[in-house]
Each structure stands twice: as structure tokens, then as C-alpha cells.
Amino acid sequence: LTSQAELTVQGMTCANCVGRVERALGKVEGVLSASVNLATERATVQYLPSAVSVSQLRAAVQESGYEVLDTQ
Ligand code: 9UX
């Protein structure tokens, strides 16, 4: 069973930022894939809800140095 989360990520200003956020999400246990769109500030994450929570996904982004909006 796979879930998809959409996070709004703020503070990214270049392609390297996108890579940082994608790698931070991708190394979290239970994340299958993570794709970040710089223009829309959206991170789309496929994950296993049995292994990881959305709050853990948000924390991983914040630990990589970027902010996540409260919505969704
Ligand atoms: Mo380059 Mo993006 O330093 O913060 S990674 S602007």
C-alpha cells in the first residue's frame, strides 16, 4: 500500500536546493520516490504509510534546511 504526499517547500532558490530536498526525502525509510518542483515549491512523495508518517517527511525537509508550509 503506497500513499502520496504533497508538501509545499519554501526557501529553495536553485536546482541544487531541489537536489538537497529530494535526497533528504529519498533517504528516509519508507520513501519510494520524491520529486520536487522548484517553480511550484511542491514536493511529491510516494511513501509507505506503514513505515513513515507525513510529519516525518516534513521533519526530513526541515532538517535539510528548508521550510514546509502547514497546509495539506
Ligand atoms: Mo545554491 Mo540553492 O547555494 O540554496 S543550493 S542557492
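A short reminder: the numbers here are calculations on the coordinates, not readings from a lab. For clarity, every value in this text was computed on a predicted model and none was experimentally measured. For neighbour counting, all protein chains shown are included, and Cβ atoms are generated from backbone atoms with ideal geometry for every residue, glycine included.
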Task: For the chain, average projected area of the Cα convex hull in nm² - done: 4.1
- [ ] Scan segment 1-50 for trypsin sites (Lys or Arg not before Pro) in coil per DSSP, keeping those whose Cβ has at most 13 other Cβ atoms within 10 Å, and list them by number.
- [x] Lys27
Open item on the list: How many angstrom lie between the Cα centre of segment 47-72 and the Cα centre of segment 17-36?
Closed with: 10
TODO: Let me know the charge dipole size of the chain about its Cα centre in debye, to the nearest 20, where only the beta-carbon of Lys, Arg (+1) and Asp, Glu (-1) is charged.
DONE: 160
Task: Inter-label distance, nm, simple model (7 Å from Cα along the C-beta direction), Cys14/Ser35 - done: 2.5
TODO: Pairs of Cα atoms under 8 Å, at least six residues apart: use those to get the relative contact order of the chain, whole percent.
DONE: 43
